[in-house]
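The values are calculated or read from the model by the stated rules, or taken from the named source; none is laboratory data. Just so you know, these numbers come straight off a predicted model, no measurement behind them. Methodologically, a virtual Cβ is constructed for each residue, glycine included, from the backbone with ideal geometry; neighbour enumeration extends over all protein chains shown.
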Amino acid sequence: MGCARLLSPLFALYVAYAIWFTAVQRLGGPRTAVYSNMVPVAGLLVASLGFGEQIGVAKGIGAAIVLLGVGLTRL
């Protein structure tokens, strides 16, 4: 059990970096960097769905602003 607790976050980190570096290679640094703004939104969704965190008005507006900004950069 102890080994699994140690390896699980390391595996997740490895997968995240592999996806990130593949995206940088295919899309380029500037286009990929825009998506780093999605990290707090993803964290909010995981906290809400996985841990029952309440999404208030301020958090919802913040997430909407981030999504709008990422969407505008894709135009």
inquiry  = Any residue that is in contact with a Leu (Cβ under 7 Å, 6 or more places away or on another chain), part of a helix (DSSP H, G or I) and at pLDDT 90 or above - is there at least one of those in the range 38-50?
reply    = yes
Subset of the range 25-47, residues more than 12 Å from residue 67 (Cβ to Cβ) and surrounded by 14 or more Cβ atoms within 10 Å (Cβ to Cβ), comes to 32, 47
Of the listed residues (15, 39), the one being more than 12 Å from the chain's Cα centre (by Cα), under 29 Å from residue 72 (Cα atoms) and of a type in the set (Val, Ile, Thr) is 15
Log entry, pairs with first residue in the range 49-75 being surrounded by 10 or more Cβ atoms within 10 Å (Cβ to Cβ), second being part of a loop (DSSP other than H, G, I, E, B) and not charged (D, E, K, R), beta carbons closer than 8 Å, six or more apart or on different chains, reads 63/55
